[in-house]
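Have a look at the structure below before the remarks.
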Amino acid sequence: RAIVWCTVLGPELTEPTPPVLMSSKPISVLITGANRGLGLEMVRQMAETQGPIRALFACCRDPGGPRAEALQALAKKHKDTIKVVCMDTADQSSIKQSAQQVGSLLEGKGLNIIINNAGILTHSTVADSTPEDMASCFNTNVIGPMRVIQEFLPHLRTAAKDSGMSGMHCRKAAVVNISSSLGSVQSALQSYEGFKAVPYRVSKAALNMLNACATVELQKDEILCALLHPGWVQTDMGGENASINAEESVQGMLQVINSLTEKHNGALLDYRGQTIPW
Ligand code: NDP
């Protein structure tokens, strides 16, 4: 089967792409906001269709609550791989505690991939957005990912050092920040009227800048950083009229993640691997 891959990821492929995240060495992955939507689907696909995975840290803010039931059921099915971890990405002490918990579960081994997926969306205009709306979006969508990178950096560094691989690769050490095409300045200038979510747009643009800064700062440690736009997806956030379902979005995103090497360091890609405008 011929697969036409986008130019950013390389030349046209004539063979099917390898199974996502397939590697001879088991890797460990951490996903935030893993109890529903795209995060839950990422955990499901990684546990059920990818491998080998040593540990999949599925983080959510209320692991014992009703909103985590689907994740808990999945964790029960894959109890050797999925570890449910309590993490509220809007709460600094919660991120710190989860890093301590994950650190002890890693037993000195590194953490290969962090997926900063947890996010919130507020619909409001420039005229009616409150400081609280903006602060809340920033807290979850920007400060959360920054604190996660800070707290888990020692484990990413360990993974990079212990990998035995040269250069950068997602299976070595990587931070993947889930952004949005709505964070694009160009998109706002062209189509703001179609989606008036000012705090969300501003926070995702800030996340993009955070990623750019992290890209430069972490490259000496050979830790790769990238931004992914999942597409417009049928989740609680995307709504039922969205153009694709979570399964398709996550299949694409995992394929892109698996393809990331140092030439993609700092890139902003969509779930099909195509660059999108800043
Ligand atoms: P959902 O609203 O369906 O799910 C959001 C997830 O984030 C939930 O698991 C939620 O947990 C979690 N979350 C929110 N706040 C926190 C917090 N403070 N601490 C921990 N977890 C938190 O959204 P999606 O799955 O659709 O979105 C996932 C990511 O994809 C987001 O970053 C979003 O911006 C991005 N995205 C989504 C698009 C779409 O069309 N769906 C398009 C572009 C980007 P809880 O159940 O506890 O609230």
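We did not get these values from a lab; they are worked out from the coordinates using the rules stated. A quick note: this is a predicted structure, and the numbers were derived from the prediction, not measured. Glycine gets a Cβ as well: all are built from the backbone with ideal geometry, and neighbour counts include every protein chain shown.
Computed from the C-alpha gyration tensor, the three semi-axes of the ellipsoid equivalent to the chain are 26, 23, 19 Å, from longest to shortest.
Extension gain for the segment HIS123 to ALA70, taken as residue separation times 0.36 nm less the Cα-Cα distance, is 16.3 nm to one decimal.
Packing here is the average count of other Cβ atoms within 10 Å per residue, and on that basis the peptides 189-198, 58-67, highest first, run 58-67, 189-198.
The coefficient of translational diffusion for the stretch 30-178, derived via Stokes-Einstein from the alpha carbon Kirkwood radius under 20 °C and 1.002 mPa s, stands at 135 µm²/s. Roughly how many Å is it from the Cα centre of the stretch 45-104 to that of the stretch 119-188, as a whole number? So the two Cα centres are separated by 18 Å. Within the chain, antiparallel bridges make up roughly 10 percent of the DSSP beta bridges whose residues both belong there. Tell me whether the stretch 191-249 comes out rounded, prolate or oblate; compute the Cα gyration tensor, take square roots of the eigenvalues as a ≥ b ≥ c, and use a/c under 1.5 as the rounded threshold. Oblate is the answer for the stretch 191-249, as a/c is 1.5 or above yet b/c matches or exceeds a/b.
Here the extension length gained between GLN92 and SER136 equals 14.5 nm, from 0.36 nm per residue of separation less the Cα-Cα distance.
Over all directions, the projected convex hull of the C-alpha atoms in the stretch 137-208 averages 5.6 nm² in area. Across the stretch 185-195, rounded Karplus estimates of 3J(HN,Hα) from the backbone phi angles (6.51 cos²θ - 1.76 cosθ + 1.60, θ = phi - 60°) give 5, 4, 5, 5, 5, 8, 9, 4, 4, x, 7 Hz, Gly and Pro being marked x. Per-residue 3J(HN,Hα) values for the stretch 38-46, derived from phi via the Karplus relation 6.51 cos²θ - 1.76 cosθ + 1.60 with θ = phi - 60°, read 5, x, 5, 5, 5, 4, 4, 5, 5 Hz in sequence order (x marks Gly and Pro). Under a Gaussian network description of the chain, with springs only between Cα atoms under 10 Å, the residue in GLY183, GLY239, GLY144 that fluctuates furthest is GLY239. Label positions at GLU262 and GLN150, each projected 7 Å from the Cα along the C-beta direction, are separated by 2.9 nm.
Take the Cβ atoms of GLN219 and ARG272, set R0 to 35 Å, and the FRET efficiency comes out at 0.85. Its Cα centre serving as origin, the chain has a Cβ charge dipole (Lys and Arg +1, Asp and Glu -1) of approximately 700 debye. Between VAL84 and ALA58, the built amide H atoms are under 5 Å apart, and every one of these is 5 or more places off in sequence or on another chain. Across the stretch 148-159, rounded Karplus estimates of 3J(HN,Hα) from the backbone phi angles (6.51 cos²θ - 1.76 cosθ + 1.60, θ = phi - 60°) give 5, 4, 4, 5, 9, 4, x, 6, 5, 4, 4, 4 Hz, Gly and Pro being marked x.
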